[in-house]
Amino acid sequence: MVILSSSHDVKNDKWIDMFAGSISGATTRMIVAPLDVIKIRLQLQKSGGSATSTSPPQYRGVFNTLGKITREEGIRALWKGNLSAEFLWISYATAQFSLYNSFVHSLDQENYLAHQNSNQHYKPPTYISLLAGATAGSIATAISYPFDTLRTNIVAQHQHVTIPQCVRQIYHTKGYIGFYKGITSSVLQIIPQISLQFASYEWLKNLYIHIAIAKEQHQHAKNNNNNNNNSIRTPRELSKDPIIQLLSGGSSGAISKFIVLPFDVVKKRMQVAPGGITLKQCISDMFKNEGWRAFYKGGVPSMIKAGAAASLSFTFYEQAKTLLTDMLFKII
């Protein structure tokens with residue numbers, strides 16, 4: 001995850017992290033937007049879950065929801081709320097990646113510097129990845145949360161709503177605090193999700209690098225027997241392989257999302273709830289009226305989206321940072 005820089009451009013790392021993070025957030029959001037809309041629609045519907053409910057659920061599964069939205073609202077509805085979501089993803093990814101790397105460098109400076117001039121892949125200790133991920137995720141969530149509330153409220157409505165209209169609507173009915181409604185549930189979700197996501201990404205990436213090295217060594221030995229000399233990539237070179245980044249990001253995103261999915265559903269319900277409702281009341285009402293399955297509504301699109309988003313986000317970030325670092329190195 002942490003890309004090593006040459007000693008004379010370390011001072012620019014934070015700016016590169018922020019710029020690479022913003023590129024990653026904007027690009028990833030544009031690609032996964034339809035999955036996000038489908039996930040939110042499934043999570044927000046309340047019918048069909050309780051034993052006393054007589055009305056069937058409006059949406060059933062990923063493909064049914066996709067077809068219903070496009071038929072009734074048009075294909076553009078799959079990108080509903082995308083402008084506010086772009087602000088959300090850009091601000092979140094910028095803060096998350098830059099803060100994570102900053103914390104890792106500070107907490108593991110000796111180990112980081114030892115790898116700086118070697119060909120070895122730098123993997124921070126798991127406890128540092130967990131701590132840095134949880135802290136970075138929490139701060140990034142607090143910074144970007146109002147955009148999350150706007151995005152959820154826009155997607156929840158079936159008619160066209162602009163960002164200024166949505167801002168006025170939330171402010172007039174709930175006040176400033178309305179923009180941070182559900183943030184407790186969000187932070188409870190983010191702390192384990194992002195810490196697990198970064199830690200599992202680092203671990204899986206290191207695993208895939210070792211698998212790739214073993215495979216290339218086997219192929220190298222086989223080629224030598226045929227008088228065909230192919231070089232073996234170093235761990236540091238393999239750490240920049242986009243295929244390894246995609247695989248590591250996808251696996252880590254899906255696993256961490258499944259673990260924290262109930263918190264995400266509760267957060268979405270609180271964001272669109274009319275009037276004041278506490279976290280305890282929301283959880284109690286959901287369980288009483290809809291059962292435990294309500295906490296896993298939208299689970300399939302959530303995991304698909306989380307896996308795709310993490311896969312693309314980590315890869316776009318690492319590739320952008322490598323490109324920006326190389327460009328800066330050439331300029332200097």
**OP:** Determine the gain in length on full extension of the stretch Arg236-Gln109; use 0.36 nm per residue of separation and subtract their C-alpha separation, reporting nm with one decimal.
**Re:** 43.9 nm
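Summing +1 for each Lys or Arg and -1 for each Asp or Glu, what net charge is found among the other residues whose Cβ lies under 14 Å from the Cβ of Ala114? Spell out each step's value before the answer.
Values: positive: Lys123, Arg236; negative: Asp108, Glu110.
Around Ala114, the surrounding residues sum to 0.
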Original post:
Taking K and R as +1 and D and E as -1, what net charge do the other residues with C-beta under 11 Å from the C-beta of Asn82 add up to?
Top reply: +2
Original post:
How big, in percent, is the set of alpha carbon pairs in segment 159-277 lying more than 26 Å apart?
Top reply: 51 percent
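Which of the helices in the chain, when you take each full DSSP H run, stretch at least 30 Å along the axis at their Cα atoms and have an average Kyte-Doolittle score of 0.0 or higher?
What comes out of the filter, once short or polar helices are dropped, is 13-44, 82-107, 126-156, 242-272, 299-331.
Quick one: grab the alpha carbon gyration tensor of segment 281-321, order the square roots of its eigenvalues as a ≥ b ≥ c, and give me rounded if a/c is under 1.5, else prolate or oblate depending on whether a/b is larger than b/c. Each step should come with its number before you reach the end.
On the way: a/c = 8.26, a/b = 3.33, b/c = 2.48.
In terms of gyration-tensor shape, prolate.
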Original post:
Once fully extended, how much extra length lies between Asp285 and Tyr171, figured as 0.36 nm per residue of separation less the alpha-carbon to alpha-carbon distance?
Top reply: 38.5 nm
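For the chain, what does the helix formula give at 222 nm: sum of -39500 (n - 2.57) over DSSP H segments with n ≥ 4, over the residue count, nearest 500 deg cm²/dmol? The partial results should precede the final answer.
Values: 11 runs with 245 residues, N = 332.
Helices in the chain give a 222 nm mean residue ellipticity of -26000 deg cm²/dmol.
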Original post:
Accessible area per residue, 1.4 Å probe, Å², for the chain: what's the number?
Top reply: 48 Å²
Original post:
What FRET efficiency would be calculated for the residue pair Ile213, Leu323, taking the C-beta separation as r and a Förster radius of 25 Å, to the nearest 0.05?
Top reply: 0.55
**OP:** Compute the normalised compactness of the chain: alpha-carbon radius of gyration over 2.2 N^0.38 Å, N being the residue count.
**Re:** 1.10
Original post:
For Ser239, which sequence-distant residues (separation of 5 or more, or a different chain) have an amide H within less than 5 Å of its own amide H, given hydrogens modelled in the peptide plane?
Top reply: none
**OP:** Calculate what fraction, in whole %, of the accessible area of the chain sits on carbon and sulfur atoms when a 1.4 Å probe is rolled over the protein chains.
**Re:** 63 percent
**OP:** Could you list the square roots of 5 times each eigenvalue of the Cα gyration tensor of segment 253-330, that is, the equivalent ellipsoid semi-axes, sorted largest first and rounded to whole Å?
**Re:** 38, 15, 8
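The values are calculated or read from the model by the stated rules, or taken from the named source; none is laboratory data. Please read these numbers as outputs of a predicted model, since none were measured by experiment. Heads up, the Cβs are rebuilt from the backbone with ideal geometry, glycines too, and the neighbour counts pull from every protein chain shown. Accessible surface areas use protein heavy atoms only, side chains included; no ligands, DNA or RNA. Shrake-Rupley method; radii C 1.70, N 1.55, O 1.52, S 1.80 Å.
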